[in-house]
Each structure stands twice: as C-alpha cells, then as structure tokens.
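First the structure, in the form of structure tokens, and then the observations on it.
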Amino acid sequence: MWSPAAPLPVSPEQRRSLEAWTRAHNTPTIVNTRARIVLHAADGWSNNAIANQLGVTRTSVIEWRRRFGAEGLDALGKVRPGRGRPRSISAAMVAKIVQLTINTVPRGATHWSCRSMAAQVGVSPASVQRVWHEHRLYPHRVSTFKVSKDPQFLEKLTDVVGLYLNPPDNAAVLCIDEKTMIQALDRTQPGLPIKRGKAGTMTHDYKRHGTIDLFAALNVLDGEVVGQCSARHRHQEFLRFLRKLDREFPESLDLHVVLDNSSTHSEASVRAWLDAHPRFQLHFVPTSSSWLNLVESVFADLTKRRLRRGTFPSLDHLIKAIIEYLEQRNRDPKPFVWTASVDSILAKLRSCMPITETIH
C-alpha cells in the first residue's frame with residue numbers, strides 16, 4: 001500500500017494564478033488539467049483521488065506534483081524535450097489562427113468554419129480544430145443578450161430584487177405576464193411512437209387552428225400558478241384577470257405584483273380599478289428585462305413540457321392541455337428562492353457595457 005502524499009506547498013500567489021487558469025476560457029485543456037492536479041494536491045487530496053477525479057493516471061499526478069515542486073508555475077506549460085507529438089504548425093501560425101478567429105470574419109459569411117479558416121491560412125481543417133480546442137474558441141456558437149436602457153433601471157431593479165430577497169409580511173408576491181399567440185397546431189399525419197433505439201416521430205408540417213393567450217400569475221412564496229386563457233390580451237382581459245386574482249387570494253393579504261411595462265397594464269380603466277383596490281401594489285421590471293419576471297420560467301417549462309411536441313386539433317384541446325399542465329404543476333409546487341443581489345447583477349451587466357458602447 002502507498003502512504004498518502006503530503007499536501008503540496010502552494011503559495012497564495014501561485015494559488016491565485018492556478019485558479020485563474022482553471023477559470024479562463026482560453027487556457028489549453030492540458031494546462032487546465034495540470035493546474036487542477038496541483039490545486040487538488042495542495043488541498044491534501046490523495047494521488048488516487050486526483051487521478052480518478054480528473055481522468056488521468058496516478059503516475060501523471062505524481063509527475064506533476066514533482067515538477068511543480070521543482071519548477072513552479074512555469075512547469076505546467078512546458079513540454080520536455082523529446083516528449084509529446086511534435087507540432088505540425090508553428091507558434092506563429094497558431095497565433096495567426098487565433099487572431100483571425102477573434103478579430104475577423106470571412107468574406108460572405110458571419111463566422112469562420114474549420115475549412116474556411118484552413119483555406120485562408122494554408123493548414124488542414126484538423127489543425128484549425130486542434131488550435132480552436134486548445135484555446136477554447138467556438139466560432140459556430142453565439143450567445144444572445146440585451147442590456148436594458150431604461151433610465152430608471154437601477155431603481156426598478158432594486159425594487160424588484162428587494163421584493164424577492166425580503167418579501168413583506170402578510171403579503172403575497174405575484175409575478176404576472178401574458179404568453180401571447182399560443183398556436184393550436186395539428187400535425188398533418190400521425191407520428192410513430194418511441195421505440196427501443198428509435199426516437200418518436202412527428203411531421204414537420206402542421207395545420208393551424210387558431211391562437212390563445214395565457215395570463216399567468218406565479219406566487220413566488222409557494223410556487224403555485226394562477227392561469228386564465230383568453231382569446232385576446234387587451235386591457236379588458238388583463239382587468240378580468242386582476243379580478244380573478246382578487247377572488248383567489250384572501251382579502252387580508254396585500255398583493256405585490258411584478259409585471260412588465262405593457263400598455264395594457266397602465267390603461268386608464270386598469271389604473272382606476274387599482275386605485276379602488278389598494279391592496280394591489282405594482283412593481284414594474286425595467287424595459288428589456290423579462291428575465292427579472294419569474295413567471296417567464298413557467299412559460300418556458302409549459303412550452304418545453306406540453307406545447308412544443310403537442311398536437312391540438314382545436315382551440316379547446318389546447319386550452320384543456322394548458323389547464324391540465326397548470327393543475328399538475330400546482331399539485332406539487334416549488335417555491336422560488338431568489339439569491340442574486342443587486343450588486344452581483346450589476347457586476348455581470350458591466351461586462352456587457354463595452355459591447356453596447358462599441359461603435360461599428
């Protein structure tokens with residue numbers, strides 16, 4: 001039996017560098033793995049435990065313990081002479097591929113592919129793919145974002161997040177929104193059921209049987225959802241939904257309502273009704289910030305679990321499916337626990353500001 005290895009001595013400065021390498025997107029995979037070996041070794045993990053966790057051999061763990069102890073951080077990025085497969089392209093070519101990928105796009109396209117980059121720089125597509133993998137570059141992927149330009153963004157953000165983090169006593173916090181234009185889609189032919197080794201099937205085309213709108217209110221404190229289907233989503237239908245909420249919740253409770261800035265929410269008759277029912281207190285999310293309204297997660301789950309693969313030969317079938325989904329969800333509701341502070345949200349949004357301020 002091997003005796004447990006002693007924790008590897010790592011200075012605070014070295015630990016900060018190692019942790020930064022493991023978090024950075026452009027750290028080569030092999031360096032990332034070596035950094036994790038050293039960090040686990042510094043935390044007192046055994047060689048076998050590190051090997052099992054990272055999918056490497058025990059011999060590799062012992063070797064990188066030794067090399068780090070002898071050479072420090074510099075050892076993690078080195079390949080000893082005569083070891084490893086010789087590079088087929090030069091370091092200058094690697095730098096060129098990375099620079100072109102990050103700062104340019106090919107003529108007539110929005111992003112580079114392995115083949116278009118290979119043709120541009122004169123190497124094989126496999127070499128381009130290896131460079132992208134080592135530097136964690138993914139030209140074929142894109143993430144969407146939109147930064148709110150609401151002049152009252154901070155005030156509204158603070159109001160809504162404060163409501164989630166510290167809800168008032170003797171009150172319910174309701175997140176309200178409308179999911180509009182839900183289509184009753186009927187497939188043109190019956191699909192085949194799922195079988196072993198074969199996915200279920202459905203036709204790519206469909207027949208439309210009209211649309212329906214769903215008003216929904218998520219009770220943040222217990223996770224229950226109150227819903228109402230409607231043929232339209234005007235202020236009249238919104239007012240009808242408010243009256244439904246007024247009946248659903250005990251009169252002793254104040255109702256703090258989180259909602260967006262739709263014109264239907266501030267129409268004159270709606271404001272008059274709210275003035276006559278002061279227990280309803282509205283909290284508007286900033287423009288372009290639907291992610292702050294928790295009921296959006298309910299709509300996403302409804303689409304994923306019931307609508308996207310559903311078949312509805314009529315509007316009645318669609319309404320029945322939505323009601324069944326809400327009833328099933330409310331049998332075992334889960335309260336929503338908001339954890340993000342205003343400061344942490346602002347810190348993430350600041351990373352987007354250089355993008356929005358760039359002049360193209």
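The values are calculated or read from the model by the stated rules, or taken from the named source; none is laboratory data. Keep in mind it's a predicted model, so treat the numbers as computed, not measured. Note that each Cβ is placed from the backbone with ideal geometry, even for glycine, and that neighbours are counted across all protein chains shown.
Values as computed for the structure displayed
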| item | result |
| --- | --- |
| Selection status of T311, assigned to a loop (DSSP other than H, G, I, E, B), in contact (Cβ under 8 Å) with a residue 12 or more places away in the chain and over 19 Å from the mean Cα position of the chain (by Cα) | yes |
| Count of the stretch 44-60 residues which are in a helix (DSSP H, G or I) and either among the aromatic types (F, W, Y) or under 14 Å from I30 (Cβ atoms) (or both) | 2 |
| Residue within the stretch 267-274 that is under 30 Å from R331 (Cβ atoms) and not polar (S, T, N, Q) present | no |
| Only listed residue being touching a Ser or Thr at 6+ places or on another chain (Cβ under 8 Å), in the same structural domain as V226 (by TED's automatic domain parsing) and over 29 Å from T203 (Cβ atoms), chosen from S266, S289 | S289 |
| Residue in the stretch 255-265 that is farthest from H235 (Cα to Cα), counting only those that are surrounded by 14 or more Cβ atoms within 10 Å (Cβ to Cβ) and of a type outside the set (A, V, I, L, M, F, W, C) | H256 |
